[in-house]
Amino acid sequence: MVDYLDRIGAGAVLANPEVMDFDWMPPELVGRESVQRELASKFSALAHPEGAGRAVITGPVGSGKTVLADTFCRDIQRHLSGKRNVRSVKVNCRNASTSMRVVQRILHLLDPGHPDRGLSMGELLLSLRRLLRRESSHLIVVLDEVDHMLRRSGDDLLYQLLRIDEDQEGKGTMSLILISQEQVLDVLETAVISRMGASNHLRVSGYTADGLEAIAAQRAQLGLVLGTYTPEIIRLIAEKAAHTGDARKVIELLNAAVERCERRQDGHNATHLIIEDVHEPSNTSFTAQGSNLELIDDLNAHPMLVLLAVCRRLTNQETMTTGDVEQLYAVVCEEYEVKMKSHTTVWKYLKEFETRQLIASRVATIGGGRGRTTHLSMPHFLPKDIASRLEMLLKKKIR
Ligand SMILES: Nc1ncnc2c1ncn2[C@@H]1O[C@H](COP(=O)(O)OP(=O)(O)OP(=O)(O)O)[C@@H](O)[C@H]1O
Ligand SMILES: [Mg+2]
C-alpha cells in the first residue's frame, strides 16, 4: 500500500486546502467594513438604469485590494439581481501590460470566441461597444495592477473606456475600477486620478496585528478541522506577520504551521497546532556562529534572567502577563541565587526586549474596560531556543 499518500486530500488538521490558496475568494472580507462602504458609495448610481461608477484603489502589498474589488463585484451582482444585469471582468495588467492586450482580454472574457488577431485598437473598441449594447448589461471592468499598463501604454485606454458610451443612445454601460500598489502612485497620480475623479480614490492601509488575526481566524475556521487550533496560536501567527501588514504573509504562516503540524502527526498524537509549528525549525544549532540568536549575547546578566523567565513560560504558552513575568523571574533569581531587581527595572528590561523585537506586547482591557493588562508574546523566535542559549550564556556570567 502506498500509505504515504494517505495525507493527500484529507489532512488531520487541514480540512479544506483551497482555503489557503491566495486566489481563493473568502465568503466575506473581515475588518474592512469602512472601505467596503466607501467603495459601494462610489457605485450607488448602479441601481439606476443609466448609472455607472469609478474607483481607484491603492494600498500597500497584501492589503486586500484585489479581494476587495473581487468581493465587491460578486456582491453587487447578487445585490442588484432582478433590478439590473451586472457583469464584471478583471484583467491583471501584469500579464497584459499593453492597452491592446488589455482590450483583447476584456473582449475574450466577454466573448471567448471573439477574434482579436489583426484588429486595430479602434476596431477592438468598436467590438466592445457593440457587445455591450447587444448584451444590455452593465459591465464593471477591473484593471488590477494597472500601473504595468500605464507604464507601457500610457492612460489613453482609460480615456477611451470612460467615453465608451459617447455616440450611443444608452448611457452608463460601463464602470471602471483601477487597482495599484501605493509605491507606484506617481505613475497613477496626476492625470489618471484626476481623470477618474480625485474623490473616487480609495486608499486602503496595511493590516495591523488585529486585522491579520481576524484574517487568519477566518481561514482557520473555514479551512482547518475543528479543535486543531486555539485563538492564542492564531494570535501568535498574526503577531509574527504584523511587521509586514500583509494578509498574504499571515495566510502563508498559518499554512506553514499547519504543514509542520501535519508532518508531526503519526496518527496517534493529539492533533493541534503548537508553538513549535509556528516557527521555522532552526537547522543551525543555537550555539552556531551566525545564528540570529546571537542578538541576545550582549545582554547583561539581569536582563538575561528576566528573559529566561519569559522564555520558560512562552515555551508552553502563547502569551503571558507582566505579572507572570515577575513571578517567574523570582523563581529564576532563586535558582541562580541572585537578588531580584525592582519592578521598574524589570519593566525597563521588557521595553528593551520589545525594541529589539525579541518580544511583542499588547495591551488588553479586562473586566468591562476597567483593568488593563499587558500581554507578552514571542512571535519571531522559538522561546525554547532562546532559553537554551540563555542558560548557556548565564553559566559563564554567573557562577
Ligand atoms: N479583509 C480580508 N478578509 C479576508 N481575506 C483577506 C482580506 N484581505 C486580504 N485577504 C486575503 O489576503 C490575500 C492577499 O490579498 P490581496 O491579493 O487582495 O492583496 P493585494 O492588496 O491585492 O496585494 P498586491 O498588492 O500584492 O496585489 C488574499 O488571499 C486575500 O483573499
Ligand atoms: Mg492584488
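Of note:
- Given (1) without any contact (Cβ under 8 Å) to a residue 12 or more places away in the chain; (2) under 27 Å from Arg362 (Cα atoms), index of the condition Ala247 fails: (1)
- Segment 120-147 residues that are more than 22 Å from Val192 (Cβ to Cβ), paired with ones that are away from ligand 2 (no atom under 16 Å from the Cβ) and part of a helix (DSSP H, G or I) (beta carbon under 8 Å, 6 or more apart): Ser127/Leu107; Leu131/Leu107; Leu131/Leu110; Glu135/Leu110; His138/Leu46
- Screening the candidates Ala55, Ala69 for the property of being in a strand (DSSP E or B), within 16 Å of ligand 2 (Cβ to nearest atom) and in contact (Cβ under 8 Å) with a residue 60 or more places away in the chain yields one hit, Ala55.
- Pairs are defined by a Cβ separation below 9 Å, a sequence spacing of at least 6 or placement on different chains, a first member in segment 195-209 that is of a type in the set (S, T, N, Q), and a second member that is within 16 Å of ligand 2 (Cβ to nearest atom) and assigned to a loop (DSSP other than H, G, I, E, B); the pairs so defined are Ser205/Pro60; Ser205/Ser63; Ser205/Gly245; Thr208/Gly245.
- Only one of Val19, Val13, Val56, Val30 that is within 21 Å of His148 (Cα to Cα) and either within 16 Å of ligand 1 (Cβ to nearest atom) or touching a Cys at 6+ places or on another chain (Cβ under 9 Å) (or both): Val56
- On inspection, Leu150 fails the criterion of being away from ligand 2 (no atom under 16 Å from the Cβ) and either assigned by TED's automatic domain parsing to the domain that holds Gly82 or over 31 Å from the mean Cα position of the chain (by Cα) (or both).
- The set of residues in segment 90-106 being out of contact with any Lys or Arg (no Cβ under 8 Å at 6 or more places or on another chain) and among the hydrophobic types (A, V, I, L, M, F, W, C) consists of Cys93, Met100, Val102, Val103, Ile106.
Quick grid of which residues meet (1) under 25 Å from Gln160 (Cα atoms); (2) assigned by TED's automatic domain parsing to the domain that holds Leu254; (3) surrounded by 19 or more Cβ atoms within 10 Å (Cβ to Cβ):
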| residue | (1), (2), (3) |
| --- | --- |
| Gly11 | no, yes, yes |
| Asp23 | no, no, no |
| Glu38 | no, no, no |
| Lys42 | yes, no, yes |
| His48 | yes, no, no |
| Gly59 | no, no, yes |
| Gly62 | no, no, yes |
| Met100 | yes, no, no |
| Ile106 | yes, no, yes |
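- Scanning segment 61-70 turns up no residue that is in contact with a His (Cβ under 6 Å, 6 or more places away or on another chain), within 16 Å of ligand 1 (Cβ to nearest atom) and either more than 22 Å from Glu38 (Cα to Cα) or among the small types (Gly, Ala, Ser) (or both).
- Scanning segment 220-240 for residues that are touching a residue at least 24 places away in the same chain (Cβ under 8 Å), farther than 13 Å from Ser377 by Cβ and within 13 Å of ligand 1 (Cβ to nearest atom) yields Ala220, Leu222, Gly223.
- One residue alone among Ser175, Ser180, Ser194 is outside the structural domain of Ala12 (by TED's automatic domain parsing), within 16 Å of ligand 2 (Cβ to nearest atom) and closer than 27 Å to Ser34 by Cβ, and that residue is Ser180.
- Flag for Arg94 being away from ligand 1 (no atom under 16 Å from the Cβ), in the same structural domain as Leu150 (by TED's automatic domain parsing) and of a type in the set (D, E, K, R): no
- Helices (runs of 4 or more DSSP H) fully within segment 106-210 counting 2 or more residues that are of a type in the set (Lys, Arg): 121-135, 147-153
- Just one of the listed residues (Tyr229, Tyr207) is modelled with pLDDT of 95 or more and either of a type in the set (Lys, Arg) or within 16 Å of ligand 2 (Cβ to nearest atom) (or both), namely Tyr207.
- Near pairs, Cβ below 6 angstrom, 6+ apart or cross-chain, from segment 15-35 (of a type in the set (A, V, I, L, M)) to any residue that is within 14 Å of ligand 2 (Cβ to nearest atom) and part of a loop (DSSP other than H, G, I, E, B): Val35/Val204
The values are calculated or read from the model by the stated rules, or taken from the named source; none is laboratory data. Just so we're clear, the structure is a prediction, and the values are computed from it rather than from any experiment. For neighbour counting, all protein chains shown are included, and Cβ atoms are generated from backbone atoms with ideal geometry for every residue, glycine included.
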